[in-house]
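All remarks here apply to the structure that follows.
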Amino acid sequence: MRKIIYDCDNTFGLKNHDVDDGLTLFYLLGMNEIDLLGVTLSYGNGTIQEVQQMTQELQTRLRLDFSYYPSEKAVDYLIDQVNRFPNEITIIATGALTNLARAQEKDPAFFNKVQEVILMGGITQPLFVNQRPVKELNFSCDPLATKKVLLSQTKVTIMNGHMTAGAFFSREELENFLEAAGSLITSDKLCWIADSLQSWIEWNKEIFHFSGFCNWDMTTAVYLELPDLFSQEEYQLAGVQDSLSNGQLTLAQQSDYLVKMPQKLLDLTSFNQLVIQRMVQGLTRSID
């Protein structure tokens, strides 16, 4: 069974803050073929205090069975786990990469003991969502940490901002999700989830003028389970990454730093059907 650590900046339920880390957690909990060892908390969508608060609230409200580690404990947890299970752990990271870089600082062989890292972040050109310019978030939060991870020479897959902007979750998908979950989880849980998602859709409608949201981080979990839903491009990164303060990756014709970076989500309908199925399964795995 594949062992996973999810490093994220969850703000699900916090008004006017992104929901995709929380949805990705629901998905991972719904996968039968993985062992979600733990969730380490980073920052980006919110401060580390906000992320910790909302992760605690999410777990308490929904009674979900996972262990999480705030920033002061996250680094030691990452190091402990990769030493316990060398070359067996895939790390999915969807926020600032500070925890991973600090793990390498504390244990220089850290990335040699990681099986794979799947990241959400980065751009290769200016990013637009529905013709509106959008700033890259995850890689630019801590550019020095990002550089350490990208050039670690571990196996890295990057789900960049351009591709993940196409992972659109519409109001119709929301209705399908709530209908599928309605008979399986209690009404108080469903109401909190529905209110949080509807509020986020309203925010996106005001900012981007569409009825839905980009499910950016979810692409990492779906890629883990079903990589064939994505194109399979590989790129070489330059050894000098001096534009990461804007989240922009510098590519090279030839280098020692090879990464996978899918450019297309091939079937959005199948993507969202799988997302809904796995999220519903994850939400039924309560500690009640």
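At a glance:
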item	result
Qualifying residue in region 116-136 (condition: small (Gly, Ala, Ser), crowded, with 17+ Cβ neighbours inside 10 Å and more than 18 Å from Tyr257 (Cα to Cα))	no
Residue in region 245-266 that is among the β-branched types (Val, Ile, Thr), in contact (Cβ under 8 Å) with a residue 12 or more places away in the chain and part of a strand (DSSP E or B) present	yes
Residues of region 232-244 satisfying the condition of being farther than 22 Å from Ala96 by Cβ, among the polar types (S, T, N, Q) and either touching a helix residue (DSSP H, G or I) at 6+ places or on another chain (Cβ under 8 Å) or not in a loop (DSSP other than H, G, I, E, B) (or both)	Gln236
Matching residues, region 12-63, being in contact with a Lys or Arg (Cβ under 7 Å, 6 or more places away or on another chain) and either basic (Lys, Arg) or within 24 Å of Ala180 (Cβ to Cβ) (or both)	Tyr27, Leu29, Gly30, Met31, Glu33, Ile34, Arg61, Leu62
Enumeration of residues in region 98-124 that are polar (S, T, N, Q) and either in contact with a strand residue (DSSP E or B) (Cβ under 8 Å, 6 or more places away or on another chain) or closer than 20 Å to Asp18 by Cβ (or both)	Thr98, Asn99, Gln115, Thr124
Unmet requirement for Ser270, which otherwise passes all of (1) under 16 Å from Val156 (Cβ atoms); (2) touching a residue at least 40 places away in the same chain (Cβ under 8 Å); (3) of a type in the set (Gly, Ala, Ser)	(1)
All strands (runs of 3 or more DSSP E) inside region 39-157 with 1 or more residues being hydroxyl-bearing (Ser, Thr, Tyr) and at negative phi	89-93
Output for region 47-85, where each listed residue is surrounded by fewer than 19 Cβ atoms within 10 Å (Cβ to Cβ), over 19 Å from Ile193 (Cα atoms) and of a type outside the set (A, V, I, L, M, F, W, C)	Thr47, Gln49, Ser67, Pro70, Ser71, Glu72, Lys73, Asp76, Asp80, Asn83, Arg84
Near pairs, Cβ below 9 angstrom, 6+ apart or cross-chain, from region 5-34 (closer than 20 Å to Gly212 by Cβ and at pLDDT 95 or above) to any residue that is part of a loop (DSSP other than H, G, I, E, B) and basic (Lys, Arg)	none
Every residue from region 102-126 that is aliphatic (A, V, I, L, M) and without any contact (Cβ under 8 Å) to a residue 40 or more places away in the chain	Ala103, Ala109
Failed criterion for Pro227 (all others in (1) under 21 Å from the mean Cα position of the chain (by Cα); (2) surrounded by 18 or more Cβ atoms within 10 Å (Cβ to Cβ) hold)	(2)
Glu88, sole failed condition from (1) surrounded by fewer than 20 Cβ atoms within 10 Å (Cβ to Cβ); (2) under 21 Å from Asn246 (Cβ atoms); (3) under 20 Å from the mean Cα position of the chain (by Cα)	(2)
Selection count, region 158-174, where residues are part of a strand (DSSP E or B) and not aliphatic (A, V, I, L, M)	3
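Table: residues versus (1) hydrophobic (A, V, I, L, M, F, W, C); (2) without any contact (Cβ under 8 Å) to a residue 40 or more places away in the chain.
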{"residue": "Pro133", "(1), (2)": "no, yes"}
{"residue": "Cys141", "(1), (2)": "yes, no"}
{"residue": "Ala145", "(1), (2)": "yes, no"}
{"residue": "His162", "(1), (2)": "no, no"}
{"residue": "Met218", "(1), (2)": "yes, no"}
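Conditions (1) closer than 23 Å to Gly22 by Cβ; (2) surrounded by 14 or more Cβ atoms within 10 Å (Cβ to Cβ); (3) within 21 Å of the chain's Cα centre (by Cα), marked per residue:
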residue	(1), (2), (3)
Met163	yes, yes, yes
Ser170	yes, yes, yes
Ile185	yes, yes, no
His209	no, no, no
Phe213	yes, yes, yes
Gln254	no, no, no
Lys260	no, yes, yes
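The values are calculated or read from the model by the stated rules, or taken from the named source; none is laboratory data. None of the values given here were measured: they were computed from a predicted structure. So basically every Cβ, Gly included, is an ideal-geometry build from the backbone, and we count neighbours across all protein chains shown.
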